[in-house]
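Here the structure comes first, spelled out in structure tokens, and everything after it is commentary.
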Amino acid sequence: MTATGQGLEQWDLTSKNSPYLDRHMMFPLLEYLDGLIDAGTINYSSKDVAAARLALLRPTHMVDYAIDTYKSVHGDNAEIPKEMEEQKSEVFKQLEELEKGCKPLADICGNEEVKAKYVASGKWNIAALCDESDLNITQEVCEIYRKTAKFHFECGAYQKARDILENYISLFAKPPAPSNTEEDEMEDYKTNKPQNNEKEDIGNPNIYYLKSVDSNLLQVLWGRLACEILVEGWEAASVALDAVKAALEIMVSTGQMSALDALSERTWLLHWSLFVYWNNSAKGGLEQLVELFHTERYKQAITTNAPHLLRYLTAAVLLCKRRITKKAAAGSNAEARRLMKNLTNVMQDCDYSDPIVEFVNCLCVKFDFESAQTKLQECEKVLDADFFLCKQTGLFMEEARVFVFENYCRIHNKIDLAALGKKLAMDENEAERWIVDLIRNADLDAKIDSEEGCVVMGGTVQSVYEQVMERTRDLNVRSATMAQNLDTLLNNARKEKAKKERESME
């Protein structure tokens, strides 16, 4: 896509995010760009966006959508290419063949009563179903069932694909047996039925109770996550995201995936997580995003493959910093300081910058409040133009002003309201009302002197408890690292000594 003028195109991350997104996930992003073009916010050509959408649609089975897009590019009166009409009839034919091929399994999956009987008897797995000759279920039928899910997905029937994948995954799962009701437990007690204290053999609860994962099941888990994202079931998508994350670590630990492939897969997962966490921000999504992005393995993926994700990490830290601090010990700011320290460390390792990142850099690293004021005004435009951040613009600006106020108060005991208003991109009266609300709601040790038109700050001293906790937070990790390094040195010394002894004997 080419820009037709100077606008917010330089801060648009669509082209950087797209290589790590499924093509179906790109359609909402392109629709959002269309809205920005219509509003005159971004200077892309609407025809270029439509052409990009058409190119994405060609490999899919969403023929009607492709025809509508073709008309938007070439005009409503344009003749529809013959291959599009042929593809439409071919799609129906292929879907019919696939559904016919997996009908024995699909019928059982669609009958909850029959399915429940097989689950209760422990026969809800591919091997057991294949042994039932009257069911006509084979390994090939199960594979066709999986392919049918993929075909529905390519047709845009994401809910149908999700339901099929849910059933398919359950065939490999080993969930815990249903717990006894109070009536059952009482009956067992009356009849002196012996209690079974053996540990139940179940699968991994983090991966839909799968007992093992291979490359084929990993692809199914990715498909389940894609479906949950596209049907906008954010809580279910969060579970699917955790399942893929856990499966990746199992694949790496068992030697089924190389470190380089794992780095690439984690980069993809980081991008997909943007849909999940930013749309589930009210239920702890941003805290989960910060935790994932700060994990060492995923931080490596950001700094190596996707430094542009620093924008989303920075925005998430600013938005959830106060929430995380409130959950910590009362009156403790240690958690907030740790968050900002970790963020600035990532910023130093990433070759990326935009107004949101520069705003934090100006405050936390340079302590340049004048530049931070300028960047804060630019942030609002960047947020409005970002598909993932646009719904958080108002909250971000509020949290950013609090952040400016906190940092400004650290180095000033007495602050002029007019000067502070400029720093917060507000007039003096608006700034005074905002600070009054902040003092009242955040329990800040400050008061407003209306006669002199200033804010007088009280002294804040870090408690001994906070100092000890902050200094010893990583003590276990540092001790373990030191012990490991010492053990390595000793082993190297022993090898060197043994080598010299062998050489002297020779």
Residue 201, sole failed condition from (1) out of contact with any strand residue (DSSP E or B) (no Cβ under 9 Å at 6 or more places or on another chain); (2) open to solvent by less than 60 Å² (accessible area, probe 1.4 Å); (3) outside any helix (DSSP H, G or I): (2)
Residue check, residue 275 touching a Lys or Arg at 6+ places or on another chain (Cβ under 9 Å) and either over 30 Å from residue 401 (Cβ atoms) or assigned to a helix (DSSP H, G or I) (or both): no
Based on this model, can you work out whether residue 246 counts as in contact with a strand residue (DSSP E or B) (Cβ under 7 Å, 6 or more places away or on another chain) and either assigned to a helix (DSSP H, G or I) or surrounded by fewer than 18 Cβ atoms within 10 Å (Cβ to Cβ) (or both)? yes
From 93, 160, which residue is in a helix (DSSP H, G or I), more than 26 Å from residue 233 (Cα to Cα), open to solvent by 60 Å² or more (accessible area, probe 1.4 Å) and at pLDDT 90 or above? 93
I'd like to verify a number: residues in region 352-375 that are in a loop (DSSP other than H, G, I, E, B) and modelled with pLDDT of 90 or more, how many? 3
If I filter region 74-87 for residues that are over 18 Å from residue 150 (Cβ atoms) and in contact (Cβ under 8 Å) with a residue 24 or more places away in the chain, do I get at least one hit? no
Top-ranked residue in region 282-294 [being among the charged types (D, E, K, R) and in contact (Cβ under 8 Å) with a residue 24 or more places away in the chain; ranked as surrounded by the fewest Cβ atoms within 10 Å (Cβ to Cβ)]: 283
Return a yes/no flag: does region 4-15 have any residue that is open to solvent by 60 Å² or more (accessible area, probe 1.4 Å), touching a residue at least 12 places away in the same chain (Cβ under 8 Å) and of a type in the set (Val, Ile, Thr). yes
Residue count, region 136-153 (criterion: assigned to a helix (DSSP H, G or I) and open to solvent by less than 30 Å² (accessible area, probe 1.4 Å)): 8
Looking at region 280-287, is at least one residue hydroxyl-bearing (Ser, Thr, Tyr), in a helix (DSSP H, G or I), within 24 Å of residue 18 (Cβ to Cβ) and at pLDDT 95 or above? no
If you check residue 301 against the conditions, is it farther than 22 Å from residue 390 by Cα, open to solvent by less than 10 Å² (accessible area, probe 1.4 Å) and either among the hydrophobic types (A, V, I, L, M, F, W, C) or more than 11 Å from the chain's Cα centre (by Cα) (or both)? yes
Qualifying residues in region 215-233 (those that are farther than 15 Å from residue 146 by Cα and modelled with pLDDT under 95) - the one surrounded by the most Cβ atoms within 10 Å (Cβ to Cβ): 233
Scanning for something of a type in the set (A, V, I, L, M, F, W, C), under 30 Å from residue 304 (Cβ atoms) and in a helix (DSSP H, G or I), does region 69-86 turn up at least one residue? no
Filtering region 249-262 down to residues that are in a loop (DSSP other than H, G, I, E, B) and open to solvent by 50 Å² or more (accessible area, probe 1.4 Å) yields 254, 255, 256, 258
So which residues in region 29-70 are surrounded by 16 or more Cβ atoms within 10 Å (Cβ to Cβ), touching a Leu at 6+ places or on another chain (Cβ under 9 Å) and without any contact (Cβ under 8 Å) to a residue 60 or more places away in the chain? 30, 44, 49, 50, 52, 53, 56, 63, 66, 69, 70
Here are 372, 306, 334, 316: which of them is crowded, with 18+ Cβ neighbours inside 10 Å, of a type in the set (A, V, I, L, M) and closer than 22 Å to residue 236 by Cβ? 316
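Rundown of residues vs (1) within 23 Å of residue 351 (Cα to Cα); (2) in a loop (DSSP other than H, G, I, E, B); (3) at pLDDT below 90; (4) touching a His at 6+ places or on another chain (Cβ under 9 Å), yes/no style:
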site: 1; (1), (2), (3), (4): no, yes, yes, no
site: 7; (1), (2), (3), (4): yes, yes, yes, no
site: 10; (1), (2), (3), (4): yes, no, yes, no
site: 17; (1), (2), (3), (4): yes, no, no, yes
site: 25; (1), (2), (3), (4): no, no, no, yes
site: 30; (1), (2), (3), (4): no, no, no, no
site: 33; (1), (2), (3), (4): no, no, no, no
site: 41; (1), (2), (3), (4): no, yes, yes, no
site: 49; (1), (2), (3), (4): no, no, no, no
Does region 390-418 hold any residues that are open to solvent by 30 Å² or more (accessible area, probe 1.4 Å) and not acidic (Asp, Glu), and which are they? 390, 391, 394, 395, 401, 410, 411, 412, 413, 414, 418
If you go through region 264-281 one residue at a time, do you hit one that is more than 11 Å from the chain's Cα centre (by Cα), surrounded by 18 or more Cβ atoms within 10 Å (Cβ to Cβ) and under 22 Å from residue 349 (Cβ atoms)? yes
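The values are calculated or read from the model by the stated rules, or taken from the named source; none is laboratory data. Worth saying up front: this structure is predicted, and the values here are computed from it rather than measured. FYI the Cβ positions are ideal-geometry reconstructions off the backbone, even for glycines, and counts take in every protein chain you see. Just the protein is used for accessible areas: all its heavy atoms, side chains included, with ligands, DNA and RNA removed. Shrake-Rupley method; radii C 1.70, N 1.55, O 1.52, S 1.80 Å.
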